[in-house]
Amino acid sequence: MQNTKCKILNIKYKRPDTRNGFSIILAVVFVGAVSLTILLSFLALGRVSISGSLVFSKSVQARTLTESCVETALQEIRNETTFSGSGNILIEDNECSYEVIDNGAEDREIRAEGVVDDVVHRIVVTADKINPQINIVSWERIDNF
């Protein structure tokens, strides 16, 4: 038998650099936090937009309801030129009221108010002639009577 020399390789084990892994974890956490913030912002904006749309829709309904009251009051004046007084209209659980005020001669003032949930719409209409046709001088939206 021959003598062979065995050489043991002297391999040094190099430990991997763990700082790169830590940097990646920090980057993932940071990107996740930014993404979550953006997502929450979009959700908040969506909610504000939806509630704004709902208020706008109620406002349109209140305006339409109030205009219906004014038209009803005008019809009362057409039917009876001496009419002065008040009335109410109920449409789909929403109510509006109107009042016709005789200001002398053929001058009339109509005050109408429509309410849809918590949205209130008020209109004042002034007419200076009612016979043979009603002549409307002003039609204004107001905050208070």
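A few remarks follow.
- When G46 is tested against the conditions (1) surrounded by fewer than 17 Cβ atoms within 10 Å (Cβ to Cβ); (2) at pLDDT 95 or above; (3) assigned to a helix (DSSP H, G or I), the lone failure is (2).
- If only residues of the stretch 49-95 that are among the hydrophobic types (A, V, I, L, M, F, W, C) and more than 25 Å from R108 (Cβ to Cβ) are counted, the one that is modelled with the highest pLDDT is V60.
- Residues in the stretch 78-100 that are touching a Lys or Arg at 6+ places or on another chain (Cβ under 9 Å) and farther than 27 Å from D117 by Cβ: F83, S84.
- First in the stretch 105-133 and in contact (Cβ under 8 Å) with a residue 40 or more places away in the chain and more than 11 Å from S59 (Cα to Cα), second anywhere and part of a strand (DSSP E or B) and of a type in the set (S, T, N, Q), Cβ under 8 Å, 6 or more apart: I110/T126; A112/S97; E113/S97; V125/S138; A127/N135
The values are calculated or read from the model by the stated rules, or taken from the named source; none is laboratory data. These numbers were taken from a predicted model, which means no experiment stands behind them. Don't worry about glycine lacking a Cβ; one is built from the backbone with ideal geometry, like all the others, and counts go over all protein chains shown.
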